[in-house]
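K.L.:
Below is a structure I'd like to ask you about.
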C-alpha cells in the first residue's frame with residue numbers, strides 16, 4: 001500500500017510539473033534476473049515508473065460512457 005501511495009504521488013508531481021508519467025507492471029516485475037539487477041533475492045518489484053517529456057502532443061484514448069461504468073450507491 002505504501003509503495004502504491006508513494007508511486008501515485010510521484011506520478012502526480014511529475015504530471016503537475018509538465019511531464020508525462022506512467023506506471024507499468026508486467027513480466028519484468030516478476031523476473032528474477034531483473035530483480036537481481038535492481039535489488040536482491042528478498043526484494044520484490046511493484047512496478048516501473050516512466051517519467052519524461054512527450055515527443056508529440058498526446059491523444060486522448062477512447063473512454064467508456066460514464067453512465068455505463070458509474071452508478072449511484074447508497
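Bear in mind that the values in this text are calculations on the coordinates, not laboratory data. Predicted, not measured: the structure shown is a model, and the values here were computed from it. We place every Cβ from the backbone using ideal geometry, glycine too, and count neighbours over all the protein chains shown.
K.L.:
To make sure I understand, if each residue's beta carbon is the centre and we count other beta carbons within 10 Å, what order do 27, 73 fall in, fewest to most?
P.N.:
Fewest to most other Cβ atoms nearby, the residues stand as 73, 27.
K.L.:
Let me ask another. I'd like to compare 58-64, 29-35: which one has the highest average count of other Cβ atoms within 10 Å, and what's the full order after that?
P.N.:
Going from most to least packed, we get 29-35, 58-64.
K.L.:
Using every alpha carbon pair in region 24-66, what percent of pairs falls into each 5 Å bin from 0 up to the bin containing the largest distance?
P.N.:
Result, from short to long distances: 5, 18, 18, 13, 13, 14, 10, 8, 3 percent.
K.L.:
Could you list 69, 20 in order of exposure, starting from the residue whose Cβ has the fewest other Cβ atoms within 10 Å?
P.N.:
The order, fewest Cβ neighbours first, is 69, 20.
K.L.:
Then there is this: Once a ≥ b ≥ c are taken as the square roots of the eigenvalues of the Cα gyration tensor of region 2-54, is the result rounded (a/c under 1.5), prolate (a/b larger than b/c) or oblate (a/b not larger than b/c)?
P.N.:
Taking the square roots of the gyration eigenvalues as a ≥ b ≥ c, region 2-54 is prolate.
K.L.:
Here's another thing I want to ask about it. So what's the angle, to the nearest 10 degrees on a 0 to 90 scale, between helix 2-16 and the longest Cα principal axis of the chain?
P.N.:
60 degrees
K.L.:
Using helices alone, what [θ] at 222 nm do you get for the chain, with -39,500 (n - 2.57) per DSSP H run of 4 or more residues, divided over all residues and rounded to the nearest 500?
P.N.:
-10000 deg cm²/dmol
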